[in-house]
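This report refers to the structure that appears directly beneath it.
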Amino acid sequence: MTVSYTLKVANARFGGFSKLLFRWKGSIYKLLYKEFLVFILLYSTFSIVYRCALNGDQKRMFEKAVKYCNQYINLIPIAFVLGFYVNLIVNRWWGQYTNIPLPDQLMCVVSSTVHGGDERGRLLRRTLIRYANLSSVLILRSVSTRVLKRFPTMDHIVDAGFMTREELKKYESLASDFNKYWIPCVWFTNQAAQARRDGRVRDDIGLKLLIEELNKYRAKCSMLFHYDWISVPLVYTQVVTIAVYSFFASCLIGRQFVEGNDLDVYVPIFTFLQFFFYAGWLKVAEQIINPFGEDDDDFETNRLIDRNLQVSLLSVDDMYQNLPPMLKDKYWDEQSALPPYTVATAGETLKPSFMGSTFDMRMDGDQDQHQQVAATPNLPRARTPMLSRFLSSAPSPAIGMKNLMGRGPRNPLVRLRGEGSPNNVHYSEIDQDYRIDEEETTEDEKESRASEPPTPKVASRVPRRLEASEKQKKMEQPRPCPILITVDEPSEDNIEQDQAEC
């Protein structure tokens with residue numbers, strides 16, 4: 001029977017796994033204790049012979065053998081070989097479990113597509129699902145020792161109700177040198193086709209769905225057969241076994257405590273732990289390489305057969321058209337449904353639901369950054385703080401190598417402080433020598449700007465332009481005049497009002 005401890009590890013707590021160490025059934029102690037006792041006995045025998053039965057010359061020869069074995073024992077790649085082997089075996093073990101045929105999908109399709117409330121319809125549905133279960137019994141009987149012990153002959157299968165005497169005669173009349181688990185699947189397809197001709201299956205889509213689900217079911221039966229037929233290559237298993245046994249055979253001599261060692265102990269604790277880990281690893285692979293045996297953690301195939309037959313027959317027979325009446329649910333008149341909690345789980349309602357990782361992110365308080373604008377090529381980009389420009393890995397929106405070379409293309413609008421009110425603002429062209437552009441102007445921008453009509457310049461208060469170097473003059477390109485925005489100087493009344501507000 002499979003040893004399940006899932007409930008014991010439902011919650012992570014202090015010493016959670018430690019409590020599992022004291023279980024015997026399905027444990028590593030039960031698998032390994034015989035080999036471990038043999039290793040301890042052999043190690044103790046060599047130690048006693050060395051200490052009590054050898055003379056001086058013999059001890060020196062033994063010490064040389066200990067030194068030699070201990071020097072070259074690590075050349076055996078036991079961890080490397082065992083790691084890959086156990087990983088392969090575990091993947092194979094899980095693949096065998098996922099390919100155990102279960103009739104759950106097939107029985108739902110049979111119940112919904114094969115119609116007829118009379119005895120003929122009931123007989124047809126039960127026969128189809130019985131054929132599917134018969135196919136799984138035949139394949140499990142050929143790969144599982146437990147199922148074979150339960151059904152040692154075909155007569156036992158007939159007595160169990162999976163097959164009739166007439167079907168057994170048909171089954172045995174078909175001569176084949178190979179496993180004949182697929183015969184009930186062929187019976188299923190022929191019966192489904194006959195049901196379509198009789199109108200029990202009302203359309204070709206229903207028949208197609210039946211055949212597709214049966215093929216999935218049969219494919220799993222086939223995979224179990226191939227898992228049983230094609231084993232892990234024998235040479236790989238032999239290499240791993242020889243590596244483990246030779247390693248610990250060398251440990252029997254190489255890990256002995258002899259004269260001249262810094263510490264002389266009678267019990268090699270770490271060697272015993274090493275044996276427990278590596279040999280236990282090998283025993284794990286030995287147990288799960290074929291999970292259809294009778295070990296503690298092997299699959300409960302007989303229980304699966306019982307479950308599959310009972311559930312599938314209930315689905316296609318007793319539950320066919322046996323539906324509860326449709327009634328309004330409890331939350332019919334409510335906008336949002338909230339099932340009740342018990343006292344033990346009421347605390348979960350206090351936790352807010354997850355709305356997204358950016359749901360509670362703080363946004364910039366500057367409302368101007370939240371205004372929606374049309375995306376145009378001439379739209380200025382947001383300026384980032386100077387420190388963020390140097391710390392950020394992304395290219396800065398204001399500084400670039402092209403700008404440092406004096407190739408900035410655009411003439412920005414400059415806001416100058418006027419006298420009096422902050423509303424006294426003039427926008428004018430700033431000299432190219434005083435600015436660092438973001439990037440070169442694209443061809444589209446040049447064409448769009450060239451098509452704009454020139455705007456007369458308005459005098460403004462700007463610093464005198466410095467004399468540019470000859471190199472910068474050569475790099476400058478003629479550009480159209482930018483659009484200038486002028487705000488009329490406010491009146492005396494507006495100035496006094498603004499000063500009062502300040």
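Residues in segment 1-16 that are touching a Lys or Arg at 6+ places or on another chain (Cβ under 9 Å) and either open to solvent by 100 Å² or more (accessible area, probe 1.4 Å) or on the phi > 0 side of the Ramachandran plot (or both): 1, 5, 8.
So if I check each of 350, 327, which one is at pLDDT 90 or above and not aromatic (Phe, Trp, Tyr)? Break it down into steps so the answer makes sense when it comes.
Numbers: 350 fails: at pLDDT 90 or above.
Just one listed residue meets the conditions, 327.
Condition first: under 30 Å from residue 68 (Cα atoms), free of Cβ contacts under 8 Å to residues at least 12 places away in the same chain and either aromatic (Phe, Trp, Tyr) or part of a helix (DSSP H, G or I) (or both). Can you find one or more residues in segment 252-271 that meet it? Within segment 252-271 (the criterion being under 30 Å from residue 68 (Cα atoms), free of Cβ contacts under 8 Å to residues at least 12 places away in the same chain and either aromatic (Phe, Trp, Tyr) or part of a helix (DSSP H, G or I) (or both)), the answer is yes, since at least one residue qualifies.
Given (1) closer than 27 Å to residue 162 by Cα; (2) open to solvent by 100 Å² or more (accessible area, probe 1.4 Å); (3) of a type outside the set (Asp, Glu), where does residue 308 come up short, assuming only one miss? Among (1) closer than 27 Å to residue 162 by Cα; (2) open to solvent by 100 Å² or more (accessible area, probe 1.4 Å); (3) of a type outside the set (Asp, Glu), the lone unmet condition for residue 308 is (2).
Evaluate the following for residue 220: is it assigned to a helix (DSSP H, G or I), in contact with a Ser or Thr (Cβ under 9 Å, 6 or more places away or on another chain) and of a type in the set (Lys, Arg)? Give the derivation first.
Values: assigned to a helix (DSSP H, G or I): yes; in contact with a Ser or Thr (Cβ under 9 Å, 6 or more places away or on another chain): yes; of a type in the set (Lys, Arg): yes.
Yes.
Pick from 3, 9, 49, 38: which is of a type in the set (A, V, I, L, M) and under 18 Å from residue 298 (Cβ atoms)? Spell out how you get there, then give the answer.
On the way: 9 fails: under 18 Å from residue 298 (Cβ atoms); 49 fails: under 18 Å from residue 298 (Cβ atoms); 38 fails: under 18 Å from residue 298 (Cβ atoms).
Among 3, 9, 49, 38, only 3 is of a type in the set (A, V, I, L, M) and under 18 Å from residue 298 (Cβ atoms).
Within segment 192-218, the set of residues being more than 18 Å from residue 108 (Cβ to Cβ) and open to solvent by less than 70 Å² (accessible area, probe 1.4 Å) comprises 193, 194, 196, 199.
The values are calculated or read from the model by the stated rules, or taken from the named source; none is laboratory data. Bear in mind the structure is a predicted one, so any value in this text is a computation, not a measurement. Cβ coordinates were reconstructed from backbone atoms using ideal geometry, including for glycine residues, and neighbour counts include every protein chain displayed. Keep in mind that these areas ignore ligands, DNA and RNA; they rest on the heavy atoms of the full protein, side chains included. Shrake-Rupley method; radii C 1.70, N 1.55, O 1.52, S 1.80 Å.
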